[in-house]
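Remarks on the structure that follows.
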Amino acid sequence: MTNIPWLSIVIFLPLTASLALQLVPGRARGLIKGLTIAATLATAVLVACLVANMSGSPAQGTPLPLHYDENQSWIPDPVNAHYHLGLDGLAAWMLALNAGVFLLGALVVSRRDVDRMKLFCGLLLLTETATAGVILAADMLLFYFFWEAMLIPLYFLLSNFGSEKRGRATLKFIIFTVAGSLLMLLAIIYLKVNSPANSFDLEVLLRTPGPAGDAVNFYGIHLFTPQQFAFLAFAIAFAIKLPLVPFHTWLPDLYESCPPAALVFFAGVVSKLGAFGFIRYAITLFPGPVHDFQWLLLTLSVITIIYGALMALSESDIKRIVAYASISHLGVIGLGIFALNANGINGAIIQIVNHGIIIASLFLVLGIIEQRTGTRDRHELAGLEKQMPYLYFFFLVITLAALGMPGLNSFAGEFTIMLGAFQTFWLLPVLAGIGVVLACWYMLRLHQGLMHEPLQPRTDGVRDISFVEGWVLVPLIALMIGIGVYPKPVGDIANLSTHQYVTLSSGPDAPAFTPIANSGGPG
């Protein structure tokens, strides 16, 4: 059993299912959806088993605390790339989130409302394969391969399904991402060429870092060092995907035009890959440059928090309100990462999971409201409490979770991040707190406006959620309450990696680090 390549199975199970779908007639829409659900469910069960068995100490003697490790030669010399997969505490929760949101996307895809069902489901499964590969890759060239491969199914998925504005929004997303990816590719090549071991392998690069080099002299002006240039290339690529202001402009347009079933997994996990990349690659490979630019990144994170919140207040389209709210919350995750301490990074990992659960739930609810009423204008939506009492309950819990109410999941992550930010500089959580106050404003205004104000013509006579729709939301609500009341399991597994990531980001002269005690608190 120990020789079974479980990580490869997680990656290629959805791919195999996508290929199998091509043998199913396009008119057999029920069978297509059933096979898609079966494949995503099998992947989710396998991931759950892998995460549940991550107790204890990881493999010793390696820079990364990997509990599962697969390493085979992929492209021989002179390229010297490896098919290297690894699962640690960070990747475990990312992989669990990935499996969960794709299962959710498979469950909510409508056989009546989605044309070309086979194409949609096939692209969904291909996207899951690529995102799982991004999360598990431990070789830089393999990581880049999956990072770019992810764009192929996403392009066809986003450009073929959704609102009439989808073409422009998809093109904008692809251009932003490819531009950042090209910079990252140049930085990856730089790392390999300057590696004493001439390797793309992440563990080798961490074990034998290349020389820092002198600052580039441009007509007598000393610019950044090559290491700083390489870090900035990675940082821009990940900041686009996260996204941080000013690299965010693709996100509201894309979320507005994206179909609900695709938006669930796109908002749930794809945007988190930027945060994942910062933790696993940027801060570990470049401990010196990340400290050189720490205050720039912290400033951008705070700006993102406040700007996203203010834009959420200014919008009337309910999808764009949540899109800007998502940007603000992702800024909080960035704040935790760039605090570069145990509380900050541990809180960021926890909040990645929390944000994925909350944002997927919000877009599910908004998708139901748009489907029932035919509009996304909040001024035309009111009085839904009496028309949709079950939806009202779900939306109330999600709203309270989104604004960070104690007892619900977002509080645990945000509180731990604020602790980490305070340890870096006391003013950071004060400024970030402005975003928390604004979150209460825009989320409660959205909830009260949709649910409590007098009925509008658009909302008069709408029917409540169906039994199936309700049972899709039930596990998400249970996770919000469960993690909020007892966040220790999430923190425990995150802590398996936090120690190593903090140490790696501090460089060879790092002070001794004591991991957070697993006392059952938020972190």
Of the chymotrypsin sites (Phe, Trp or Tyr not before Pro) in region 219-317, those whose Cβ has at most 12 other Cβ within 10 Å and which sit in DSSP loop: Tyr219
Average silhouette area of region 319-418, convex hull of alpha-carbon atoms, in square nanometres: 6.3 nm²
Contour minus Cα-Cα distance for Ile303 and Val193 (0.36 nm per residue): 36.0 nm
Inter-probe distance in nm under a simple model that places probes 7 Å from Cα toward Cβ, at Trp426 and Lys165: 4.4 nm
Region 248-331 shape via C-alpha gyration tensor axes, a/c threshold 1.5: oblate
Ile175-Asp292 pseudo-label distance in nm [points 7 Å out on the Cα-to-Cβ vector]: 3.1 nm
Cβ crowding within 10 Å averaged over residues, with 127-136, 358-367 ranked highest first: 127-136, 358-367
Segments 427-438, 391-402 sorted - mean Cβ within 10 Å per residue, highest first: 391-402, 427-438
Cα gyration tensor category, rounded, prolate or oblate, for the chain with a/c compared to 1.5: prolate
Euclidean distance of C-alpha centroids, region 244-261 and region 446-486, integer Å: 23 Å
Computed Kirkwood radius, in angstrom, where 1/r is averaged over Cα pairs of region 139-201: 13.2 Å
MRE, 222 nm, helices only [DSSP H, n ≥ 4, -39500 (n - 2.57), over the chain, to nearest 500]: -22000 deg cm²/dmol
Built amide H within the under 5 Å cut-off of Trp74, gap 5+: Ala81, His82, Tyr83
Neighbour net charge for Phe156 - beta-carbon separation under 15 angstrom, K R +1, D E -1: 0
Between 0 and 90°, nearest 10: helix 294-314 axis offset from the chain longest Cα axis: 10 degrees
Inter-site label distance for Ile434 and Ser314 at 7 Å from Cα along Cβ, in nm: 1.4 nm
Difference of contour (0.36 nm per residue) and Cα-Cα distance, Met54 to Arg463: 142.8 nm
Gap separating the Cα centres of region 62-89 and region 135-152, nearest whole Å: 12 Å
Whole-angstrom gap from region 323-356 to region 15-44, using each part's C-alpha centre: 34 Å
Chymotrypsin sites (Phe, Trp or Tyr not before Pro) within region 398-439: DSSP coil, no more than 10 neighbouring Cβ in 10 Å: Trp426
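Only the coordinates and a few stated rules stand behind these numbers; no lab work does. These numbers were taken from a predicted model, which means no experiment stands behind them. Positions of Cβ are backbone-derived with ideal geometry, glycine not excepted, and every protein chain shown enters the neighbour counts.
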